[in-house]
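The values are calculated or read from the model by the stated rules, or taken from the named source; none is laboratory data. As the structure is a computational prediction, the values presented were derived from the model and not from experiment. Note that we place each Cβ from the backbone using ideal geometry, even for glycine, and neighbour counts take in every protein chain shown. In case anyone asks, the SASA skips ligands and DNA or RNA and just uses the protein heavy atoms, side chains included. Shrake-Rupley method; radii C 1.70, N 1.55, O 1.52, S 1.80 Å.
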There are 2 protein chains.
Amino acid sequence: MTRIEEAIKQSKFQDVYQKALVNLIYTANCLRDEQVRILKPFDLLPQHFNVMRILRGRHPKPVCPGEIKEVMLDKANDLTRLLDKLERKGLIQRNLCPTNRRKMDITLTQAGIELLEKMNHMMEQTHETLKGRLSEREAASLSHLLDKLRG
Amino acid sequence: MTRIEEAIKQSKFQDVYQKALVNLIYTANCLRDEQVRILKPFDLLPQHFNVMRILRGRHPKPVCPGEIKEVMLDKANDLTRLLDKLERKGLIQRNLCPTNRRKMDITLTQAGIELLEKMNHMMEQTHETLKGRLSEREAASLSHLLDKLRG
DNA sequence: AATATTTATTTGTTGTAACAAAATTCGAAA
DNA sequence: TTTCGAATTTTGTTACAACAAATAAATATT
């Protein structure tokens, strides 16, 4: 499955914009499916992984759900139960913020950090494959086009 | 929100590949959210819309669920209930395939065709905005890079 | 022809997403 | 300080997604 036409068995598109949009959605779905596959043994979803990476980015400083939601790739309007799961699995800790009791202080536990390492390691392989497919210039160009598309 | 760094408030990425991947997921989420917003008044989701477009592509020839699933942008492993909903809303018709009674013949109803027209029309606006942001060359280039990325 | 295998769809179950509304706490204004 | 409004998270509810298993019909095998 290389070109989008073969992938979704459609030989002609309305125009080149339509084609790019369809291709973008399709490609993102492929990447997501691959990530789901990698995370499955850990019983986590991309959303959980994304939250853990956000937490690691500020570790050991705690982050509150509101701040997490702000920077999530896919804003969860259901963050509470997403965090519930991570807490049940012992990957994060929830503490009342001492300065503002409306907020919760969320931090990765040691177990969370270690699991994240493992997951990152497994993602590395996909990452390496990608490097073989696009040059640095092309990756940068792709990013730039996506920025333009969002306006 | 233009550049991905501002969008998710992260100033540095591991490398340009990581950045492109994150940007791709984020951008696809934006497009999906926009589509969800447009479809909301019709009480349909992108998956439903995708199925209807597939049906229209072959109309008036019937298509069976297996063929639909094959070309969906996001393969639904739950196509039955997805079709249930479209049928409840009178947008599609389900008939036993006369030559193979394992299969179902799915076709758009007249109401389905008309609703699809309306939805397409509403999507046109987004489509026009896009044309202002990317040249035809850029759109083609984006599509090409996505093809390469998938390998 | 009878049985097994494969194909195609449906059903059951569980977890997650979307949305609205509730609950709690903070900060500001009267 | 009491009240009001805003900020923050949680809860309730419904619909959707993922996965496995079940059903049913066609095809192949013996």
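Okay, here's what the table says:
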item	result
Label point 7 Å beyond Cα along the C-beta direction, distances from B:LYS85 to other copies (nm, shortest first)	2.0
Rounded Å value of the spacing that divides the Cα centres of segment B:25-86 and segment A:72-151	28
Chain B: relative contact order in percent, alpha carbon pairs under 8 Å with at least 6 residues between	18
Cross-link table A:LYS40/A:LYS118; A:LYS148/B:LYS75; A:LYS40/A:LYS69, entries beyond 20 Å C-alpha to C-alpha	A:LYS148/B:LYS75; A:LYS40/A:LYS69
Largest-first principal axis extents of the Cα set of chain B (Å)	58, 31, 28
Computed lengthening from B:GLU136 to B:GLN18, 0.36 nm per intervening residue step minus Cα-Cα distance	39.9 nm
Assigned charges on the beta-carbon of Lys, Arg, Asp, Glu; segment A:43-140 dipole about Cα centre (debye)	380
Closest approach to the axis - chain B beta-carbon, rotation onto A, Å	B:ALA28, 2
Computed label-point distance, nm, for sites B:LYS9 and A:LYS40 using a 7 Å Cα→Cβ extension	3.5
Share of carbon and sulfur in the accessible heavy-atom surface of segment B:4-121 [1.4 Å probe, %]	50
Summed buried accessible surface, chains A and B, 1.4 Å probe, nearest 100 Å²	5500
For segment A:1-42, size of Cβ-based charge dipole, Lys and Arg +1, Asp and Glu -1, in debye	80
Using a 7 Å Cα-to-Cβ projection, B:ARG137 label spacings across copies, nm, ascending	1.5
Hits among aspartates and glutamates - C-alpha to C-alpha of A:LYS9 under 12 Å, sequence gap 8 or more where chains match	B:GLU67, B:GLU70
Cβ-defined net charge surrounding A:GLU5, 10 Å radius [Lys, Arg +1; Asp, Glu -1]	+2
